[in-house]
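Below are the structure tokens for one structure; questions will follow.
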Amino acid sequence: MRPWAVWAVGAGLVALAWGVVQITPGEDAATEPFVVRAAVGESAVARAFEVSVTDPRMGSRAVAGSWSAGGTWLVVDVTVTAQDDERGALLHHAELIVDGVAYRASERPASIYRQQLAVGIPRSGSLAFELPAAVADRTGSLTLGLSDETRLDSLVEVPIDLGALARETDVELSPTGWTTP
């Protein structure tokens, strides 16, 4: 074989190897969650639950009954139903991710966070997120799931443009309760 052909074949194999490396999934790909995307107001069906997120609102004080706290708050209403099994069916994972930083739903006010779900009976309530004022004009993704351990499980992701939301003084959390299907 001629020397130029050897070099051409070698360069072609190097380029092919580089292409294979580029399209090969990373190590984390084998355990990433299965993400179901939905918009505000749309229903999303995940492996073990169905959820819809409505009425996102921002305010400088969150209010839930007699409880209240000042700060920068995002409150969203959620309606969620277990799909197949009620054992362990709690909304354990509720995070707002803004610029790669995750903010968990607050456990301070009474909310639907970590409440028991039932098969076929929707449960409605609110989730509250206390945020730094610096992220109040950015876009975030609300992720919801039934387990804190999200590897190889399904998550619902709902994008929310925080900057487009009207600012209120008080944002009221809806009481958690069962709703009629």
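The values are calculated or read from the model by the stated rules, or taken from the named source; none is laboratory data. As the structure is a prediction and not an experimental result, all values here were calculated from the model. Neighbour counts are summed over all protein chains in view; Cβ atoms, including those assigned to glycine, are modelled from backbone coordinates with ideal geometry. What goes into the accessible areas is simple: the full protein's heavy atoms, side chains included, and nothing from ligands, DNA or RNA. Shrake-Rupley method; radii C 1.70, N 1.55, O 1.52, S 1.80 Å.
Provide the gained length on full extension for the span residue 13 to residue 148, in nm with one decimal, where the gain is 0.36 nm per separating residue minus the Cα-Cα distance.
Answer, rounded to one decimal: 44.2 nm.
Sticking with this structure for a sec: Taking 0.36 nm per residue of sequence separation and subtracting the Cα-Cα distance, how much length would be gained by fully extending the chain between residue 134 and residue 32, in nm to one decimal?
Extending this stretch completely gives an extra 33.8 nm.
For a protection proxy built on the mean count of beta-carbon atoms within 10 angstrom, sort 81-92, 158-169 highest first, please.
Packing order, densest peptide first, comes out as 81-92, 158-169.
With the dipole of segment 44-101 worked out from charges on the C-beta (+1 for Lys and Arg, -1 for Asp and Glu) around the Cα centre, which of 81, 44, 91 lies farthest toward the positive end?
91
Which one of 155, 24, 169 has its Cα pushed farthest toward the positive end of the charge dipole of the chain, where Lys and Arg give +1 and Asp and Glu give -1 at the Cβ?
The listed residue farthest towards the positive side: 24.
Would you calculate the separation in nanometres between label points at residue 168 and residue 107, each defined as 7 Å from the Cα along the Cα-to-beta-carbon direction?
Placing both labels 7 Å beyond Cα along the Cβ direction yields 2.7 nm.
Kindly work out what percent of the DSSP beta bridges joining two residues of the chain are antiparallel, to the nearest 5.
The answer is about 80 percent antiparallel.
Right, here's the next one. Given only helices, namely DSSP H runs of n ≥ 4 each adding -39500 (n - 2.57), what is the per-residue ellipticity at 222 nm of the chain, to the nearest 500 deg cm²/dmol?
-4000 deg cm²/dmol
Still on this model: Give me the 1.4 Å probe accessible area per residue for the chain, excluding ligands and nucleic acids, in Å².
Here the residues of the chain average 55 Å² of exposed surface.
Any chance you could run the full-extension gain for residue 24 through residue 2? It's 0.36 nm times the residue separation minus the Cα-Cα distance, nm to one decimal.
The span from residue 24 to residue 2 would gain 4.6 nm if fully extended.
Quick check: the angle from helix 3-23's long axis to the longest principal axis of the chain, C-alpha only, nearest 10 degrees?
10
Chymotrypsin sites (Phe, Trp or Tyr not before Pro) within segment 1-89: which are DSSP loop residues with at most 16 other Cβ atoms inside 10 Å? Present the calculation step by step, with values, prior to reporting the outcome.
Working: sites: 4, 7, 18, 34, 49, 67, 73; in loops: none.
Answer by residue number: there is no such site.
Something else about it: If you split all Cα-Cα distances of segment 8-80 into 5 Å bins from zero, what percentages do you get per bin, shortest first?
Calculated P(r), rounded to whole percents: 3, 11, 12, 11, 9, 11, 11, 7, 7, 6, 5, 4, 2, 1, 0, 0.
Just need the relative contact order of segment 27-140 here, percent rounded to a whole number, with Cα pairs under 8 Å and 6+ apart.
Relative CO of segment 27-140 lands at 24 percent.
Quantify, in whole percent, the carbon and sulfur part of the accessible surface of the chain (1.4 Å probe; protein heavy atoms only).
C and S fraction of accessible area: 56 percent.
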